[in-house]
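Structure record follows, encoded as structure tokens.
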Amino acid sequence: MSTTFATLVIADISGSTPLYKAVGDAEAQRLIQLELDRLRRVLFEHGGVQVGQKGDDVLSYFEDADAAINAVLTLIEGSPETSLSVHVGVHCGPIVIAEKGVYGEAVNVTARLASVANPGEACVSDEAAALLHNGARQMLTPLGQLNLKGLTEQFAAHSLISPTANSFTQTRLPQSYGRTEDNLAAPEHLTLVLRHEGQSWSCPDNGELTVGRSPGCDVVLSQPWVSRLHMVITMKDGRLILSDRSTSGTYVKSEGGREIQLKRETVMLADSGLISPTLPLEHSEACLEFEILGRRQVPQNVA
């Protein structure tokens, strides 16, 4: 075993689980293998040392942080051959190199950063960003302090997206997969309703609404402080779940509850309340009202 300081990159394929349902096991596995081959090839070509593969992700480490970021930019551009997207974590620190892999806290942090990145995005730790030359650092957007699952301390992180991207990136599935009457049927016939400035949007149980500045979102908010994909609000088996995917955070206040701020975090909501991208509710010009219709029994342990 040996110890070295390195910049770590974990690239994970986005949307692999619904892909199996959309195109079948054989075709999904073929596409995923093509994408994994691309990830390994790109990392190797930029000087990365591949460590191993677990599921749909690839881990490599670099001696040069700028080479790592150049590799990441190519990774998040995606492949036209598979139409799959990846999300990436980048961190640096001491690692222990062993026969069957690498170990250390830096590996765990990198994995957590990858888990909060959006499709087509890399989350880069403050420590890794400090190693970059000015040109590379200027491509980063600060995310502030993040609460990463399983870690006691907060981590300052940055968002990196491809300079050519003009809308939020999603894994593109066949049009036959998605919000159909069959896969959205709900015993309680619940409906999530969002309202903003006289407009309303709705989705049934086991559906979702994307909110952001991008025209590709279900709910489009034009304010410049709203991220392209700011949040995803999901109804899953009667539970209302909000996932912040923004660079600036989201404020939430359920009826009768206190106002909380989310940063790349996910929380279960009560059946009604208010949501504000970026700004506290009292200062918001883009406040959304949410409500679940058709509930017979209110769920417990919600924000």
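Assorted remarks:
- In terms of its C-alpha gyration tensor, region 191-293 has a rounded overall shape, because the principal axis ratio a/c (a ≥ b ≥ c, square roots of the eigenvalues) stays below 1.5.
- Distance from the alpha carbon centroid of region 139-158 to that of region 212-242 works out to 21 angstrom.
- Radius 11 Å from Cβ of S276, net charge of other residues (Lys, Arg +1; Asp, Glu -1): -3
- Counting only Cβ charges, +1 for Lys and Arg and -1 for Asp and Glu, the dipole size of region 2-161 around its Cα centre is about 200 debye.
- The distance separating the Cα centre of region 40-81 from that of region 84-128 comes to 11 Å.
- Cβ-placed point charges (K, R +1; D, E -1), dipole of the chain about Cα centre in debye, nearest 20: 100
- Adding -39500 (n - 2.57) for every DSSP H run of four residues or longer, then dividing by how many residues the chain holds, sets the calculated 222 nm ellipticity at -6000 deg cm²/dmol.
- Take every Cα pair under 8 Å whose residues are at least 6 apart in sequence, average their separation, divide by the length of the chain, and the relative contact order is 13 percent.
- Number of Lys-Lys pairs in the chain with C-alpha atoms under 18 Å apart and a separation of 8 or more places or on different chains: 4.
- Ordering of 92-100, 235-243 by packing is 235-243, 92-100, highest average first (other Cβ atoms within 10 Å, averaged per residue).
- The value of relative contact order for region 2-161, using C-alpha pairs under 8 Å at least six residues apart, is 25 percent.
- Summary of packing: across the peptides 277-290, 110-123, 218-231, the per-residue average of other C-beta atoms within 10 Å ranks them, highest first, as 110-123, 218-231, 277-290.
No lab work stands behind these numbers, since they all come straight from the coordinates. Worth saying up front: this structure is predicted, and the values here are computed from it rather than measured. Note: ideal-geometry Cβ built from the backbone for every residue, glycine included; neighbour counts use all protein chains shown.
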